[in-house]
Structure formats: structure tokens, C-alpha cells
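Have a look at the structure below before the remarks.
The values are calculated or read from the model by the stated rules, or taken from the named source; none is laboratory data. Values in this document were obtained by computation on a predicted structure and should not be read as measured data. Note that we place each Cβ from the backbone using ideal geometry, even for glycine, and neighbour counts take in every protein chain shown.
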Amino acid sequence: MFVIVERNLIIAILKLTKGGATSHELINKQAKIPSEDAQKLLQKMQDDGLVYVREDAIELESAQRLKLAVRALSLGGDIEQVASFLSWQEFEEMADLALAENGYSVRRNLRFKHAGRKWEIDVVGCRKPLAICIDCKHWHHSLRPSAIKEIVKEQIKRTKALAEALPNPTIRIECAKWERVKFIPVVLSLMQGAAKFYEKVPVVSVLQLQDFVNGLPAYSHMIYQMAKTREESLSLGHDF
């Protein structure tokens, strides 16, 4: 019973804070739980750093909302419902933060042209010699392995297109200035799937991204990558 109460409260918080702060009264009404129980749970969430409880309002940052979403899913929440309360921007903000805190220069929503078509990569982080190309997947339902593999293949195509397009003065990212670059495609999701890699491409949950980025230089040679030098030679799937 307590699990259901906590899950309902979290879902109410996610729904009502999608556009900003909300009131205690609205949360209690939406969650349909006694005010006393709600206050106890909110206090615990604040102690755990998951919410900011004010006298007349509840406030959350993007990182807190994502942590609460994962918590709701672990308590049996419906992934389609939970994901509907999250925005694309929140995923991108988390990716941006994780990369920046590890010393990467970050560019979001990178658009460029190559081979006669337009491309876009959600987040690109550059720190010598790595260029991490992230596709932020805001899935509203569980996906079959075959569907995830197709998503991975598309991200490989985007990353390869960026590698082939450089150097290009219209593509303004830090790695365009380097003598050599190691491009790594990554797919970011709300929850960790059955496998962490598809076709050697990492599929990382949003809450594991910080640890993944932090440890990437040590094992980047084990995952799919595209190595390119200033002379524009492209080597797929190999280290320098």
C-alpha cells in the first residue's frame, strides 16, 4: 500500500511541476492521498534532495524530476504515463550538465548539412580526443531489441555524417579545430534496457550518464567509434 501511495505522489508531482512550481494543495488533490501522508513523504524526498519544499509550493529542478521519474518506474509506474510528464529539454539538460562537469565543451541541437541532406544531433560534447554524439530518446513505451538496434544504427549514421562533414567552417564545435578526433555515438534513455550496448554503441540511462562520461576515456577503445585526422581519413570502429 505504501508503495502505491509513494508512486501516486511522485506521479502527481511530475505532472503538476512540468510547467514550474506547484502547491501542496494541488499535489494532495491530484495524488488522492491524505495530507499528513503527503507531507511525510515530501519531507523524506526533500531530505533525499529530490524536491524543494517551500511553505506554499513544491519546486523541482530537471535533475530532480528525472530522478523522481526513475523512482516512479521502479515502484511500478507506467513508462508511457511517466515519460509523458518529461520534456526533451530535460534530457538534453542532463546530458549537457554531465558532459560539462567532466570538462567537455557542449553544443546542443547541432544542425549541419552533408551528402545532400540535413542532419541533427541532440548533444555533442568535445574533450580531446573525444567527441561524444548523444541522441536523447524520450521513449513513451518499452522497445523491442530490434527497434533499439534501428535507433542505434540511425545514431551511427548521424555521427558518421558529422565526422565526414568536418572540417567545415559552418559547423562550429570545438573538435573541428583538432588534428585528430574520436567520434563516439551514444543513445540516452530514461531507463536502462536489457543490454547496455547494441552494435557496440552504448545505450545509457540518464541517471548513469555522469558515471559513463567520467569513465569513458579509460574504455573508449572497446566501443564503436570513428577516428578522423586533419587529413580527413575516416576509420570506423577502431582506435587511433
Worksheet entry | Pairs with Cβ under 6 Å, 6+ apart, first in the range 165-177 and assigned by TED's automatic domain parsing to the domain that holds Ser105 and assigned to a helix (DSSP H, G or I), second at pLDDT 90 or above and surrounded by fewer than 16 Cβ atoms within 10 Å (Cβ to Cβ) | Glu174/Ser105
Discussion item. Need the failing condition index for Ala83 against (1) at pLDDT below 85; (2) over 24 Å from Lys15 (Cβ atoms), just the number.
Written reply: (2)
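Can you find a residue in the range 190-200 that is aliphatic (A, V, I, L, M), modelled with pLDDT of 85 or more and buried (at least 16 other Cβ atoms within 10 Å of the Cβ)?
no
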Worksheet item: If we scan the range 98-113, do we find a residue that is in contact with a Gly (Cβ under 7 Å, 6 or more places away or on another chain), at pLDDT below 95, not in a loop (DSSP other than H, G, I, E, B) and not aromatic (Phe, Trp, Tyr)?
Response: yes
Item to complete: Scan the range 125-140 and give yes if some residue there is outside the structural domain of Ala72 (by TED's automatic domain parsing), touching a Phe, Trp or Tyr at 6+ places or on another chain (Cβ under 6 Å) and modelled with pLDDT under 85, otherwise no.
Response: yes
Worksheet item: How many of the residues making up the range 18-43 are among the small types (Gly, Ala, Ser), closer than 18 Å to Val5 by Cβ and surrounded by fewer than 19 Cβ atoms within 10 Å (Cβ to Cβ)?
Response: 1
Worksheet item: Taking only pairs six or more apart or across chains, which ones have beta-carbon atoms under 9 Å, a first residue in the range 31-46 that is assigned to a loop (DSSP other than H, G, I, E, B), and a second residue that is modelled with pLDDT of 90 or more?
Response: Lys32/Asn8; Lys32/Ala12; Ile33/Asn8; Ile33/Leu9; Ile33/Ala12; Ile33/Leu41
Worksheet item: Does the range 44-60 include one or more residues that are of a type in the set (Phe, Trp, Tyr) and either surrounded by fewer than 18 Cβ atoms within 10 Å (Cβ to Cβ) or within 15 Å of Lys15 (Cβ to Cβ) (or both)?
Response: yes
Worksheet item: Scanning the range 220-240 for residues that are under 20 Å from the mean Cα position of the chain (by Cα) and modelled with pLDDT of 80 or more, which turns out surrounded by the fewest Cβ atoms within 10 Å (Cβ to Cβ)?
Response: Ile223
Fill in: Top-ranked residue of the range 84-108 - restricted to ones that are surrounded by 19 or more Cβ atoms within 10 Å (Cβ to Cβ) and among the hydrophobic types (A, V, I, L, M, F, W, C), ranked as farthest from Leu162 (Cα to Cα)
Phe85
Practice prompt. Just give me the residues in the range 1-30 being in a helix (DSSP H, G or I) and within 12 Å of Leu68 (Cα to Cα), in sequence order.
Written response: Glu6, Arg7, Asn8, Leu9, Ile10, Ile11, Ala12, Ile13, Leu14, Lys15
